[in-house]
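Peer 1: Here it is, the structure, as structure tokens.
The values are calculated or read from the model by the stated rules, or taken from the named source; none is laboratory data. In this text the structure is predicted, and so the values were computed from the model without any measurement. Every residue, glycine as well, gets a Cβ built from its backbone with ideal geometry; the counts of neighbours run over all protein chains shown.
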Amino acid sequence: MSQITTHVLDTTRGQPAAELPITLFAQVDAEWQALASGVTNSDGRIAGLLADDKVLDAGVYRMHFETRCYFNANNEKGFYPYVDIVFELDGDNSHYHIPLLLTAYGYSTYRGS
């Protein structure tokens, strides 16, 4: 399993947010460097965002969710054109699940399991 996983749920519709582009970045010397990207599947997940054997170093990372693409595809006007979730890894090789609960006018996240 990828060290970083995500799950996006559209809480307005009560279903997974499919076809939502996501990019994972690492902060390197105050710059953001893209590491991986993908598009959520019908379950709102990206299988294999990182290779199973890829271990990220301790540091600050960002998941960029292109919510405008998702809302446009669903003929919906959203207030947030994108959502960035910035988090810090301690380098212990743990699994990190970064979920996003999404509506057109709000979102929330938490450290999942």
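Peer 1: Being assigned to a strand (DSSP E or B), under 16 Å from the mean Cα position of the chain (by Cα), surrounded by 13 or more Cβ atoms within 10 Å (Cβ to Cβ) and not small (Gly, Ala, Ser) narrows it down to one of Tyr80, Tyr107, so name that one.
Peer 2: Being assigned to a strand (DSSP E or B), under 16 Å from the mean Cα position of the chain (by Cα), surrounded by 13 or more Cβ atoms within 10 Å (Cβ to Cβ) and not small (Gly, Ala, Ser) holds for just one of Tyr80, Tyr107, which is Tyr107.
Peer 1: Given the criteria closer than 16 Å to Leu24 by Cα, in contact (Cβ under 8 Å) with a residue 24 or more places away in the chain, among the β-branched types (Val, Ile, Thr) and buried (at least 17 other Cβ atoms within 10 Å of the Cβ), does Val60 qualify?
Peer 2: no
Peer 1: I would also like to ask the following. Condition first: at pLDDT 95 or above and touching a helix residue (DSSP H, G or I) at 6+ places or on another chain (Cβ under 6 Å). Can you find one or more residues in region 6-18 that meet it?
Peer 2: yes
Peer 1: Okay, moving on. Hey, Ala51 hits all of (1) in contact (Cβ under 8 Å) with a residue 24 or more places away in the chain; (2) surrounded by 13 or more Cβ atoms within 10 Å (Cβ to Cβ); (3) aliphatic (A, V, I, L, M) but one; which does it fall short on?
Peer 2: (2)
Peer 1: Counting only residues that are surrounded by fewer than 13 Cβ atoms within 10 Å (Cβ to Cβ) and either part of a loop (DSSP other than H, G, I, E, B) or of a type in the set (Ser, Thr, Tyr) (or both), how many does region 83-104 have?
Peer 2: Of the residues in that region, 6 qualify.
Peer 1: Further question on the same structure: So if I check each of Ala26, Ala18, which one is in contact with a Leu (Cβ under 7 Å, 6 or more places away or on another chain) and either in a strand (DSSP E or B) or surrounded by 17 or more Cβ atoms within 10 Å (Cβ to Cβ) (or both)?
Peer 2: Working: Ala18 fails: in contact with a Leu (Cβ under 7 Å, 6 or more places away or on another chain).
None of the others qualify; the one that does is Ala26.
Peer 1: Kindly evaluate Tyr70 against the criterion of being hydroxyl-bearing (Ser, Thr, Tyr), modelled with pLDDT of 95 or more, outside any loop (DSSP other than H, G, I, E, B) and under 19 Å from Arg13 (Cβ atoms).
Peer 2: yes
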